[in-house]
Amino acid sequence: MSRNIQELKTTANTIRKDILEMIYNIQSGHLGGSFSEVEILTALYFDEMDYDPVNPGKPDRDRFVLSKGHTAPALYATLANAGFFPKEKLMSSFRRIDSMMQGHPDMKKTPGVEMTSGSLGIGLSTANGMALGLKRQNIDSRVYCMIGDGELNEGQIWEAAATASHYHLDNIAAFIDVNGLQNDAETKKVKDMLDIAAKWRAFGWNVIEINGHNFEEIFEALDTARAYKDGPTAIVAHTIKGKGVSFMENVVAFHGKTPTAMEYENGMNELNSK
Amino acid sequence: MKKSFRSTLIDAILSGAEEYPNMVVLNADSARALKLTDFSAKYPDRMYNVGISETDLVSTAAGLSTTGLIPVVVGFSMFVSEKPFEQIRQAIAYPNLNVKIVATHSGLCVGQDGATHQALEDIALLRTLPNFKVFAAADVTETKAAMKAMLAYDGPAYLRLGRDLAEDIFEDEKPFRPGGADLLRNGSDVTIAACGLMVEQALMAAVALKSEGINASVINAYSIKPLPEELLLQKAKETGAFVTAEDHMKTGGLGGAICEYLSETCPVPVIRIGVDDHFGESGTQDDLYKKYRLTADDIAAAAKKAIRMKGLV
């Protein structure tokens with residue numbers, strides 16, 4: 001498959017600008033963790049995954065579960081750019097009353113959202129359920145799951161990790177967005193999960209470590225994951241929280257802090273200049 | 001004749017599986033105890049045992065349902081309702097997914113295993129969840145009817161069963177529908193609404209009351225959510241006094257639900273029979289029912305009290 005990396009970079013930048021505008025517009029939402037996963041979402045939705053925005057329920061579609069549901073702005077902006085709904089909705093709906101775009105993903109309200117999420121730790125189990133269901137019905141589709149590194153504190157993630165390897169779910173690939181920060185502080189300060197890749201390996205997963213902002217590395221990992229038939233694949237993606245806007249990068253506060261007018265303007269200028 | 005919930009549930013599951021080829025069963029290392037091994041022997045590719053990980057269990061079921069399968073989660077009540085309550089809320093109830101949870105070992109009837117395994121709060125928890133329907137079966141026949149009714153509609157449901165022996169209340173088949181109930185006895189002095197194993201006790205209480213000249217209606221209130229509102233309202237008007245009976249905390253259970261409903265529609269005295277703000281303990285079911293006042297005698301005494309209170313509310 002020939003991939004136009006330059007075009008994907010442009011799409012990723014558009015998605016970042018949409019995220020910044022959405023969160024500034026409503027003065028609510030999670031910027032940092034949304035920015036850290038943008039390249040992965042772009043690679044999935046603009047190259048890797050098989051789906052039809054006009055027929056979002058087609059049974060043989062690939063599925064994506066955003067386990068770190070607070071980064072819904074990244075998913076919504078990606079889905080809008082992928083054609084699931086008009087882009088104007090991003091500003092008129094997100095986090096507003098009577099709207100289709102809740103603060104955290106709601107599969108019954110937003111076209112393209114495969115699973116309701118927001119409470120951390122649950123997404124991989126639901127992704128496993130999808131993968132099991134697809135296998136049982138001989139549907140050759142794949143399931144992708146995005147897990148935060150802070151989210152690895154949740155015990156259920158490890159229950160699900162064991163389930164996926166026990167059932168040899170080679171149709172699932174989980175991205176671990178290792179941006180190194182969580183709500184309160186650095187992940188290593190809050191609760192050090194030590195060697196993340198080793199943990200997934202110990203749970204029976206095929207583990208690939210990449211730079212989560214590098215499209216070539218993301219695609220190489222996705223190709224490897226697709227070809228791997230002995231079980232599930234974990235793609236440990238090293239990323240930068242707040243990636244794309246220099247003064248937001250690696251700043252704990254931008255987990256949930258909304259930008260001021262000045263920060264919005266400076267951030268937007270920076271993204272526009274890319 | 002008495003039959004065991006845990007050893008006959010498999011019959012209800014097998015007949016459901018026969019009717020619905022897209023039904024799958026999930027459990028968390030309780031397959032042997034509940035004879036689910038008979039299911040996996042017959043349908044090896046339709047059962048998932050996720051091991052002792054109940055939050056993963058119910059969330060995996062949620063994911064399975066999105067692919068068009070009908071997951072039936074089977075296990076002990078404490079571990080398939082109370083432990084993974086938040087996951088049930090987030091991944092099943094909120095997105096309104098077609099997952100059925102069937103729970104054995106509900107209430108003090110668990111017996112010797114003691115308080116840690118006696119789910120006395122499950123009705124209270126599950127019935128607060130929008131989209132969820134909550135049922136309890138009184139015997140083995142009703143378990144089958146409940147399973148059939150649950151599989152027939154799209155949406156989440158919780159079925160509460162006892163652990164071991166239940167007296168046969170019903171023969172052959174019985175009707176079962178969300179919002180339904182059975183009027184097992186008709187009397188004009190007081191209404192006893194019971195669910196699960198307490199239906200048998202309620203019927204015994206009604207016989208004892210009859211010998212004292214008191215005519216009690218007995219309702220098998222198997223649908224706790226939605227409530228059988230029409231019948232409850234009719235009986236409140238006709239008898240003017242209620243007793244509820246359940247192997248569950250007094251707070252939040254069937255009694256709580258009926259109090260909530262009647263207080264807003266037709267306030268009459270309601271005396272609740274249930275566990276009174278206390279954890280259980282080890283003991284035989286009979287000893288526990290005596291100690292925690294869940295017997296026919298307790299129901300009969302409550303009925304007389306409710307009758308005396310008529311006109312006071």
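The values are calculated or read from the model by the stated rules, or taken from the named source; none is laboratory data. Model, not experiment: these values are computed from the prediction. Positions of Cβ are generated from backbone atoms using ideal geometry, with glycine treated the same way; all protein chains shown enter the neighbour counts. Accessible surface is based on the protein model in full, side chains and every heavy atom, while ligands, DNA and RNA are left aside. Shrake-Rupley method; radii C 1.70, N 1.55, O 1.52, S 1.80 Å.
Observations on the model:
- At least 20 Å² accessible surface lost relative to isolated chain, residues of the stretch B:33-60 (1.4 Å probe): B:45, B:48, B:49, B:50, B:53, B:55, B:56, B:59, B:60
- Here is the size of the stretch B:76-184 from its Cα atoms: Rg then Dmax, 13.8, 39 Å.
- Taking every DSSP bridge with both residues inside the stretch B:182-309, close to 20 percent are antiparallel.
- Set of lysines with alpha-carbon distance to residue A:188 below 28 Å, sequence-local pairs under 8 removed: A:68, A:199, A:241, A:243, A:257
- Fully extended contour minus Cα-Cα distance, from residue A:97 to residue A:258, at 0.36 nm per residue: 56.1 nm
- The packing ranking of peptides B:280-289, B:6-15, B:135-144, B:200-209, highest mean first, is B:135-144, B:200-209, B:6-15, B:280-289, where packing means the average number of other beta carbon atoms within 10 angstrom of each residue.
- Inter-label distance, residue A:228 to residue A:273: 3.9 nm, where each label sits 7 Å from its Cα along the C-beta direction.
- Unit Cα scatterers, Debye sum, the stretch A:176-274: log10 I(q)/I(0) for q = 0.24, 0.25 Å⁻¹: -1.19, -1.23
- Annotation: amide H-H contacts under 5 Å for residue B:217 (H modelled 1.01 Å from N, sequence separation of 5 or more, or interchain): B:187, B:189, B:190, B:191, B:192.
- Annotation: per residue accessible area for the stretch B:60-186 equals 31 Å², rounded to a whole number [probe 1.4 Å, protein chains only].
- Note on the protein assembly as shown: Cα-only Rg and Dmax are 27.0, 91 Å.
- Accessible surface of chain A, 1.4 Å probe, proportion on carbon and sulfur as whole %: 49
- Estimated distance in nm for a label pair at residue B:310 and residue B:229, the labels positioned 7 Å out from Cα along Cα-to-Cβ: 2.6
- Percent carbon-and-sulfur accessible area, chain B, ignoring ligands, DNA and RNA, probe 1.4 Å: 50
- Model label sites at residue B:20 and residue B:153, defined 7 Å from Cα along the beta-carbon direction, differ in position by 1.3 nm.
- ³J(HN,Hα) computed for each position of the stretch B:174-185 - Karplus, 6.51 cos²θ - 1.76 cosθ + 1.60, integer Hz, glycine/proline x: 9, x, 8, 8, x, x, x, 7, 10, 8, 8, 9
- Accessible surface for the stretch A:211-273, divided over its residues, is 44 Å² per residue with a 1.4 Å probe.
- Acute angle (nearest 10 degrees) that the helix B:140-151 long axis makes with the longest principal axis of chain B, alpha-carbon atoms: 60
- Per-residue 3J(HN,Hα) values for the stretch B:5-19, derived from phi via the Karplus relation 6.51 cos²θ - 1.76 cosθ + 1.60 with θ = phi - 60°, read 4, 5, 9, 10, 3, 4, 5, 5, 5, 5, 6, x, 5, 5, 6 Hz in sequence order (x marks Gly and Pro).
- Charge dipole magnitude, Cβ of K and R +1, D and E -1 - the protein assembly as shown, Cα centre, debye nearest 20: 920
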